[in-house]
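To keep things clear, I will list the structure first and then write my remarks on it.
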Amino acid sequence: MKKFIFSLILSLPFMMFVSCSSDADSLEPDTVLTVDNTVEVSGVTLLNDTFYAVAGSTIEINGIYTKTVSAQAATLHSVLYFLDGNVIASKNRGAAPNFTVSDSQVGKHHISVATTLRRSDESLTGMSLNLPLVVVSDASQLPSDAPAVGTYSRTVRVRK
């Protein structure tokens, strides 16, 4: 019995040493990444953060631009574009698609942009943007206070 108690007392410091861990250990990156993602769209008008387009017109997403606001840098790695959850295009480095809205698409829609950012520490971060789009049957149905159809951009700040 004395041998068992002696072994237990002798191993006690080792058990404490092995079982200790730091709560600071984490798989999360050390710093918060803050970026401004700007999406530029042509063939639309923009009013109250909603894009409006006329059925039959071509909408072109000119690109998505990322500007790092935080201390940690990040670059745009890849982009997926969706219209109502259906993939429009998959591009790298901000190259962008265009698409035509048809008469059957009159109503409310969502353009979604899913991006992958590569941080300066080589970790990857995913972000997505949701841009409301309303398609009207003709130009007379555009909101009266909306600016002319042209090229507009919307910037969304994201913290990860």
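Exposed (fewer than 13 other Cβ atoms within 10 Å of the Cβ) and among the basic types (Lys, Arg) - does that describe any residue in region 119-141? So far as region 119-141 goes, no, none of its residues is exposed (fewer than 13 other Cβ atoms within 10 Å of the Cβ) and among the basic types (Lys, Arg).
Just to be sure before I move on: is ALA71 touching a residue at least 12 places away in the same chain (Cβ under 8 Å), at negative phi, over 14 Å from the mean Cα position of the chain (by Cα) and loosely packed, with under 12 Cβ neighbours inside 10 Å in the structure I sent? The answer is yes for ALA71. Has region 92-109 got at least one residue that is modelled with pLDDT under 85, under 26 Å from LEU33 (Cα atoms) and either open to solvent by less than 30 Å² (accessible area, probe 1.4 Å) or in a helix (DSSP H, G or I) (or both)? Within region 92-109, one or more residues are modelled with pLDDT under 85, under 26 Å from LEU33 (Cα atoms) and either open to solvent by less than 30 Å² (accessible area, probe 1.4 Å) or in a helix (DSSP H, G or I) (or both).
THR116 satisfies every condition listed in (1) in contact with a Gly (Cβ under 6 Å, 6 or more places away or on another chain); (2) under 14 Å from GLY56 (Cβ atoms) except (2). Here's a check for you: in region 24-46, which residue that is within 22 Å of the chain's Cα centre (by Cα) and outside any strand (DSSP E or B) is modelled with the highest pLDDT? In this case the residue turns out to be LEU33.
The values are calculated or read from the model by the stated rules, or taken from the named source; none is laboratory data. For clarity, every value in this text was computed on a predicted model and none was experimentally measured. All Cβ positions, glycine included, derive from the backbone under ideal geometry; neighbour counts span all protein chains shown. For the accessible areas, the whole protein counts, side chains as well, though only heavy atoms, and no ligand, DNA or RNA atoms are used. Shrake-Rupley method; radii C 1.70, N 1.55, O 1.52, S 1.80 Å.
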